[in-house]
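This report refers to the structure that appears directly beneath it.
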Amino acid sequence: MDTLDYNSFAEKCIEDLKILQNKFQKEYNLNWYENWFYSQTTGLLTFSTGDKELNFKYFEAGSFSEKSNTWKWSWDNNHTLDNVKERTKLIKEFGQKSNFAKLTNGYFQSDEYEAWEFTAIAAKLTNGIGTYRPVSDGQLQIFLVITEFVDNETAQNIKDKYVECSAHEYRRRAFVCRHLNPVTKVGFQEAFETFEDMELSDKDDFQAWCNECENVRQKEGEWNDNSMAFANIKVICEQCYFEIKELNTGHR
Ligand SMILES: [Zn+2]
Ligand SMILES: [Zn+2]
């Protein structure tokens, strides 16, 4: 049997992507939406018009620089969060097995057509349902592979888990009592043992309160209206949470 030839493989992927993309556009009527937004943190690509929303899970295949005419696979990109690049390891592995240098080198001279070729290959190897390239800033084109439709309720649940922090941008949310702060030590009681970047189940959130709140909670015997009123829980970001934890306990 002939070994797979890279050029015919890439061509086939482009042909398949054309069909896939057509179907994807039609099925979701993408052209109807006026705005798009994607977040590496949530891994969601959102199209919207007014309050009508359409959400997908995506990953980043890679990026093409219009300035240097180079392609960079996202597995080679330190600025891309794991969340949206993990799947590109499959492409690299496939490249190693097939001896396709363009899939195993992280960064090299290329052109826009080839960038689409790589995206088509990425979609093919990961069973993507479509692709998307957001309008670029004139320097860097980001190529996304869309993996799955997400209904609005699920998307909202995912987004609700994050907050915009003025110091740390978009992060997972955490709940703390009104007394916890980044400057003074007031004790640090947690709902459960935590560490930074830990996985949380859908039901769990980071939650902490100060010693004084803990005293009130014990006096009341539980979290009730009185102890909750005293704590007056506020939302902060995960990073702030662990900075406050470190201040109070010496470790994150
Ligand atoms: Zn407190
Ligand atoms: Zn923060």
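Just one of the listed residues (Lys219, Lys203) is under 25 Å from the mean Cα position of the chain (by Cα), among the basic types (Lys, Arg) and either closer than 13 Å to Ala174 by Cβ or assigned by TED's automatic domain parsing to the domain that holds Arg171 (or both), namely Lys203. Trp71 satisfies every condition listed in (1) of a type in the set (Phe, Trp, Tyr); (2) within 21 Å of Ser201 (Cα to Cα); (3) modelled with pLDDT of 95 or more except (2). Within the span defined as segment 185-196, one or more residues are outside the structural domain of Ser110 (by TED's automatic domain parsing), out of contact with any Leu (no Cβ under 9 Å at 6 or more places or on another chain), charged (D, E, K, R) and more than 16 Å from ligand 2 (Cβ to nearest atom).
One residue is enough: does segment 203-219 have a residue meeting the conditions away from ligand 1 (no atom under 16 Å from the Cβ) and touching a residue at least 12 places away in the same chain (Cβ under 8 Å)? Yes, segment 203-219 contains at least one residue that is away from ligand 1 (no atom under 16 Å from the Cβ) and touching a residue at least 12 places away in the same chain (Cβ under 8 Å).
Per-residue answers, yes or no, for (1) in the same structural domain as Asp16 (by TED's automatic domain parsing); (2) in contact with a helix residue (DSSP H, G or I) (Cβ under 9 Å, 6 or more places away or on another chain); (3) assigned to a helix (DSSP H, G or I):
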residue	(1), (2), (3)
Thr80	yes, yes, no
Lys97	yes, no, yes
Leu103	yes, yes, yes
Phe118	yes, yes, yes
Asn127	yes, no, no
Pro134	yes, no, no
Asp137	yes, no, no
Val145	yes, yes, no
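Within segment 1-33, which residues are acidic (Asp, Glu) and at pLDDT below 95?
Asp2, Asp5
In this structure, Lys185 qualifies as modelled with pLDDT of 95 or more and either charged (D, E, K, R) or closer than 30 Å to Tyr58 by Cα (or both).
In segment 158-182, what residues are within 16 Å of ligand 1 (Cβ to nearest atom) and in contact with a helix residue (DSSP H, G or I) (Cβ under 8 Å, 6 or more places away or on another chain)? Across segment 158-182, the qualifying residues are Ala174, Val176, Cys177, Arg178, His179, Leu180, Asn181, Pro182. Number of residues in segment 61-107 that are aliphatic (A, V, I, L, M), more than 20 Å from the chain's Cα centre (by Cα) and closer than 18 Å to Val145 by Cβ equals 1. Just one residue in the set Lys85, Lys67, Lys57, Lys89 is more than 25 Å from Asp137 (Cβ to Cβ), touching a residue at least 12 places away in the same chain (Cβ under 8 Å) and not aromatic (Phe, Trp, Tyr); that residue is Lys89. Exactly one residue out of Val176, Val150, Val145 is in contact (Cβ under 8 Å) with a residue 40 or more places away in the chain, crowded, with 16+ Cβ neighbours inside 10 Å and within 16 Å of ligand 2 (Cβ to nearest atom): that is Val176.
The values are calculated or read from the model by the stated rules, or taken from the named source; none is laboratory data. From a predicted model like this one, the values you see are computed outputs, not experimental measurements. Methodologically, a virtual Cβ is constructed for each residue, glycine included, from the backbone with ideal geometry; neighbour enumeration extends over all protein chains shown.
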